[in-house]
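Readers should treat all values here as calculations from the given coordinates under stated rules, not as data from a laboratory. Remember, it's a predicted structure, so these values are computed and weren't measured experimentally. Quick reminder, even Gly has a Cβ in these numbers, built from the backbone with ideal geometry, and neighbours come from all protein chains shown.
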Ligand SMILES: [Zn+2]
Ligand SMILES: [Zn+2]
């Protein structure tokens with residue numbers, strides 16, 4: 001399959017996982033409990049993918065600007081998810097309603113929509129460089145997609161929106177992911193900016209959005225799954241063609 005279609009197909013799969021995550025939430029599915037394993041595994045895998053592949057590749061492509069773009073990606077998500085928004089965290093929204101006005105819930109949606117756009121930019125950038133990099137970034141993104149769709153739907157319900165709005169919000173996140181893949185495919189030269197920016201976004205999502213959720217679980221079980229995510233990435237890297 002040509003790389004363009006492959007990256008669009010995987011972008012669609014990642015977007016669909018956002019929708020599935022939203023569906024798990026509004027259906028009150030008992031299997032939603034298992035999402036925490038995706039959070040822990042995804043956090044480890046994403047962090048390793050960002051530090052071992054996206055950062056060095058980004059610096060090779062754009063030695064002058066990549067470091068500042070990585071930092072900008074990290075700070076950008078912090079601004080959108082945690083500065084303009086008074087209350088946001090991954091996982092189910094179980095806190096008091098007073099935190100969650102309608103305005104807050106739409107700010108969360110906006111912040112997550114920007115972050116998911118860069119999930120798509122990351123997948124698209126990976127495929128511009130190599131099929132292997134595209135696949136591993138896709139896995140990194142995919143692993144946190146179910147919890148991501150679940151989170152946005154949960155925030156919507158907690159702020160008093162209906163189930164329809166909750167599902168639509170998870171669909172918006174999926175669509176933004178696909179849009180990110182599309183944008184990089186339309187202008188592949190933007191990979192020089194897109195890859196380091198999305199590396200910063202990925203580091204943020206892994207270390208600042210997901211790891212605190214891993215740490216909330218008592219015991220070392222979840223931490224071990226986090227390390228398994230790191231090791232699975234390292235193992236894949238050892239298998240990488242001529243890397
Ligand atoms: Zn909360
Ligand atoms: Zn994401």
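Some notes on this structure:
- CD proxy at 222 nm, helix term only [per DSSP H run n ≥ 4: -39500 (n - 2.57); per residue of the chain; nearest 500]: -24000 deg cm²/dmol
- Ratio of the Cα radius of gyration of the stretch 145-235 to 2.2 N^0.38 Å, where N counts its residues: 1.35
- Theoretical gain in end-to-end length, residue 64 to residue 221 [0.36 nm per residue, Cα-Cα removed]: 52.4 nm
- One way to sum up the overall shape of the chain is the equivalent ellipsoid from its Cα gyration tensor, whose semi-axes run 28, 19, 17 Å, largest first.
- In degrees, nearest ten, helix 191-204 long axis to first principal axis of the chain (Cα): 40
- Theoretical gain in end-to-end length, residue 71 to residue 103 [0.36 nm per residue, Cα-Cα removed]: 8.7 nm
- Compared with the dominant principal axis of the Cα atoms in the chain, helix 221-238 is inclined by about 20°.
- C-alpha center-to-center spacing [the stretch 69-146, the stretch 152-180] in angstrom: 13
- Cβ-Cβ FRET estimate between residue 232 and residue 189, R0 fixed at 35 Å, reported to 0.05: 0.65
- For the stretch 24-147: relative contact order, % (alpha-carbon pairs under 8 angstrom, 6 or more apart): 35
- Choice from 17, 72, 166 showing the highest fluctuation, given a GNM over the chain with Cα pairs closer than 10 Å: 72
- Rh (Kirkwood; distinct C-alpha pairs) - the stretch 1-145, Å: 16.6
- Simple label model, 7 Å out from Cα along Cβ direction - residue 182 to residue 27, nm: 2.7
- Remark: relative contact order (the chain) = 40 percent; criterion is Cα-Cα distance under 8 angstrom and separation of 6 or more residues.
- Additional length obtainable on full extension of the chain from residue 82 to residue 240, 0.36 nm per residue less Cα span: 53.3 nm
- Value of Rg/Rh across the stretch 140-194 [Cα atoms, Kirkwood radius]: 1.13
- Helix axis angle, 145-158 relative to the chain longest principal axis, alpha carbon, degrees: 30
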